[in-house]
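The structure appears below as structure tokens.
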Amino acid sequence: MKKQYKLGVIGGGFMATAIVKGAVYSDFLRPKKIIVADPSAEARERLFELGVWTTENNRDVAGNCEYVLFAIKPQNFAAVASSIKGLPVEKAITIMAGVKKQTIRAALFGNDCKIARAMPNLPCSIGAGATALDFSDFSEDADDCSFIIGLFEKLGIVIGAEEDKLNAVTGISGSGPAYVYMFIDGLIKAGIRQGLEEDAARALAVATVRGGAEMAAHEEDKSLAELIDAVCSKGGTTIRAVESFQKDDMEGIIDRAVDACVRRAEELSAQ
């Protein structure tokens, strides 16, 4: 049976808003083909301004949409599942970290439901994000694959990933923007201690990280080690900083942080 809406979203938070904005602003979907459920009147008002339908009742979404997107925190899944149990959802998309497809099927829809798992990150909100996507349940339907990939392509790059790799993705790109912001913050504070004004230190730090990332993306014929060497000169200034990072085991610090993040995602997967 044809559903009233193309896309229904359960959860109206920051990432849900980013996905809806991407779909609407790019003309990927007409606003009136989208409905979003959230208990917060403020969230519903914000989304309604985009021209989409809103509701506080999750069942309005689950029962009337071709694709149902779960844009909620993993800790809230049990309550949401209880609110829509029994409704015949056939196609679901989830951005919940650590919640496996089989867990969703068991709680809600049974084995007839096809589920795609996505792990987007915060820069998706400005169209500069990264999303890893497991859409293997839909591999036999080109239209479904096109829709799901297209939904996230409006937010940045999309890569395919098997479900058992998504916890690792969480540790790298899903949570990774926070690590980048910590590094930028460290550069700013270091610049201030060296006598720079805060505004100048922030502008330099942000531009440096942005420019370094752009070079890493575009200089595909060079390894990161070669790019590091291109900044360093023997006996110069940069090599002293690099040697300090190496002495303090910067690579190990990053590895341990990512491992802690991935282990937490695995804990959520086991719940």
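Only Cα pairs within less than 10 Å get springs; with that Gaussian network setup on the chain, which residue of 174, 150, 22 has the largest fluctuation? Result for the chain, Cα springs under 10 Å: 150 fluctuates most. Across all Cα pairs in the stretch 116-243, the calculated P(r) in 10 Å bins from zero up to the longest distance comes to 11, 29, 31, 18, 8, 2, 0 percent per bin. Think of each Lys and Arg Cβ as +1 and each Asp and Glu Cβ as -1; about the Cα centre, that makes the dipole of the stretch 117-174 roughly 460 debye.
Among the trypsin sites (Lys or Arg not before Pro) within the stretch 222-251, those in coil by DSSP and having at most 14 neighbouring Cβ atoms inside 10 Å are 222, 234.
Only beta bridges with both residues in the chain are counted; by DSSP, about 10 percent of them are antiparallel. Only helical runs count toward this figure. For the chain, summing -39,500 (n - 2.57) over DSSP H runs of n ≥ 4 and dividing by all residues gives -14500 deg cm²/dmol at 222 nm.
A crude spin-label estimate for the pair residue 165 and residue 32, with each label 7 Å from Cα along the Cβ direction, gives 4.2 nm. The C-alpha radius of gyration of the stretch 5-167, expressed as a fraction of 2.2 N^0.38 Å, stands at 0.93. Comparing Cα centroids, the stretch 235-271 and the stretch 52-118 end up 35 angstrom apart. Neighbour counting of Cβ atoms within 10 Å sorts the residues 46, 117, fewest neighbours leading, into 46, 117.
Test of the criteria: in the stretch 1-40, which trypsin sites (Lys or Arg not before Pro) are in a DSSP loop and have at most 14 other Cβ atoms within 10 angstrom of their Cβ? Those satisfying the criteria are 2.
Neighbour counts of other Cβ atoms within 10 Å put 215, 119 in the fewest-to-most order 215, 119.
With a simple spin-label model that places each label point 7 Å from the Cα along the Cα-to-Cβ direction, the separation between residue 55 and residue 224 comes to 4.6 nm.
Readers should treat all values here as calculations from the given coordinates under stated rules, not as data from a laboratory. These numbers were taken from a predicted model, which means no experiment stands behind them. When we count neighbours, we look across all protein chains shown, and the Cβ atoms used for this are built from the backbone with ideal geometry, even at glycine.
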